[in-house]
Amino acid sequence: MRKNIVAGNWKMNKNLQEGIALAKDLNAALTADKPNCDVIICTPFIHLASVVPAVDASIIGVGAENCADKVSGAYTGEVSAEMVASTGAKYVILGHSERRAYYHETPEILKEKVQLALANGLTPIFCIGEVLEERQQGIQNQVVFDQLAGSLFDLSAEDFSKIVLAYEPVWAIGTGLTATPEQAEEIHAYIRSVIAEKFGAEVAENTSILYGGSCKPSNAKELFANPNVDGGLIGGAALKVEDFKGIIDAFK
Ligand code: 13P
């Protein structure tokens, strides 16, 4: 059975002290009231080595928001998948629309990152999703197909089965606009059908596909109630324990 997951993406928020405090507060809240789903927090690189020991690994998994597309060497300012894994982090977000748009990450670059993450034992949380104009043109399925094909179709079924997907319509990220539960279910079902076609029905059935984009305690339950929506990737609402826990509690 595939896992239900609520993952936070802190983006470029919280200094080190604030990040440790947030992780500890979340850990205390979830220790007192255990979640019914997997919980992951993805933090800036510099937080990882401090956040990993600050949380109970049986309740909260920790991940990075990115990693390099190279193994090691003269790449000033980059952080490798091996370095991320050496902190005890278990996950890495790859292909976030902000990385694609602002840092020009192409499907080919993301393919390298995915392979390096897997080679270092990290679980990629791979993001896909269309921009507003693409949704308006009705080509969202083609867009997500191309994103999947461009970075993940070279993987073996065994490697693909280690990946978590996150569908994040770019028009819903940080805008307060959310995909309706029907829109989310429709495209999640399509994504699962693409996986089934390429990697087989069993792999598709076992792949967690998260929804991301203005997810909040007030809309999480109806989004997650859809059969093909297996949780959420949460931006803004992951920065406050009360909001993030409210979303986690949608699985209760
Ligand atoms: P918001 O929840 O702030 O819309 O961000 C979603 C997101 O981009 C998570 O990766």
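The values are calculated or read from the model by the stated rules, or taken from the named source; none is laboratory data. Not measured: the values here are computed from a predicted model. Note: ideal-geometry Cβ built from the backbone for every residue, glycine included; neighbour counts use all protein chains shown. Protein only, heavy atoms only, side chains kept; ligands, DNA and RNA dropped before computing areas. Shrake-Rupley method; radii C 1.70, N 1.55, O 1.52, S 1.80 Å.
Sort through GLY232, GLY236, GLY200 and tell me the only one that's buried (at least 16 other Cβ atoms within 10 Å of the Cβ), at pLDDT 95 or above and out of contact with any strand residue (DSSP E or B) (no Cβ under 9 Å at 6 or more places or on another chain).
Being buried (at least 16 other Cβ atoms within 10 Å of the Cβ), at pLDDT 95 or above and out of contact with any strand residue (DSSP E or B) (no Cβ under 9 Å at 6 or more places or on another chain) holds for just one of GLY232, GLY236, GLY200, which is GLY236.
Given the criteria near the ligand (Cβ under 9 Å from one of its atoms), open to solvent by less than 40 Å² (accessible area, probe 1.4 Å) and within 30 Å of SER156 (Cβ to Cβ), does GLU185 qualify?
Answer is no for this residue.
Which residue pairs have Cβ atoms closer than 6 Å, lie 6 or more positions apart in sequence or on different chains, and pair a first residue in region 137-164 that is touching a residue at least 40 places away in the same chain (Cβ under 8 Å) with a second residue that is of a type in the set (Phe, Trp, Tyr)?
Sorted first by the residue in region 137-164, then by its partner, the pairs are ASN141/TYR190; ALA157/PHE199; PHE160/PHE199; ILE163/PHE126.
Mind listing whichever residues of region 5-21 are within 16 Å of the ligand (Cβ to nearest atom), in contact with a strand residue (DSSP E or B) (Cβ under 8 Å, 6 or more places away or on another chain) and not charged (D, E, K, R)? Full working, then the answer.
Of all residues in region 5-21, those within 16 Å of the ligand (Cβ to nearest atom) come to 5-14.
Add one more test, that the residue is in contact with a strand residue (DSSP E or B) (Cβ under 8 Å, 6 or more places away or on another chain), and what stays is 5-10, 14.
Residues satisfying the conditions are ILE5, VAL6, ALA7, GLY8, ASN9, TRP10.
If only one of ILE195, ILE247 is among the aliphatic types (A, V, I, L, M) and under 19 Å from ALA172 (Cα atoms), which one is it?
ILE247
Of everything in region 89-110, what is open to solvent by 30 Å² or more (accessible area, probe 1.4 Å), out of contact with any Asp or Glu (no Cβ under 8 Å at 6 or more places or on another chain) and within 24 Å of SER208 (Cβ to Cβ)? Give them in sequence order.
Within region 89-110, LYS90, TYR91, GLU98, ARG100 qualify.
Do we have VAL79 as at pLDDT 95 or above, closer than 30 Å to ASP56 by Cβ and either surrounded by fewer than 19 Cβ atoms within 10 Å (Cβ to Cβ) or more than 16 Å from the ligand (Cβ to nearest atom) (or both) here?
The answer is yes for VAL79.
Test ALA54 against the criterion of being small (Gly, Ala, Ser), over 14 Å from the mean Cα position of the chain (by Cα) and more than 19 Å from ALA117 (Cβ to Cβ), and give yes or no.
On the way: small (Gly, Ala, Ser): yes; over 14 Å from the mean Cα position of the chain (by Cα): yes; more than 19 Å from ALA117 (Cβ to Cβ): yes.
Criteria met by ALA54.
Just for region 209-229: of the residues that are small (Gly, Ala, Ser) and open to solvent by 10 Å² or more (accessible area, probe 1.4 Å), which one is farthest from the ligand (Cβ to nearest atom)?
ALA225
Are any residues in region 28-45 in contact with a helix residue (DSSP H, G or I) (Cβ under 6 Å, 6 or more places away or on another chain) and open to solvent by 60 Å² or more (accessible area, probe 1.4 Å), and if so, which ones?
Within region 28-45, just ASN36 meets the criteria.
Spot the failing condition for THR123; the list is (1) within 18 Å of THR43 (Cα to Cα); (2) of a type outside the set (Asp, Glu); (3) more than 16 Å from the ligand (Cβ to nearest atom), and only one is missed.
Failing condition for THR123: (3).
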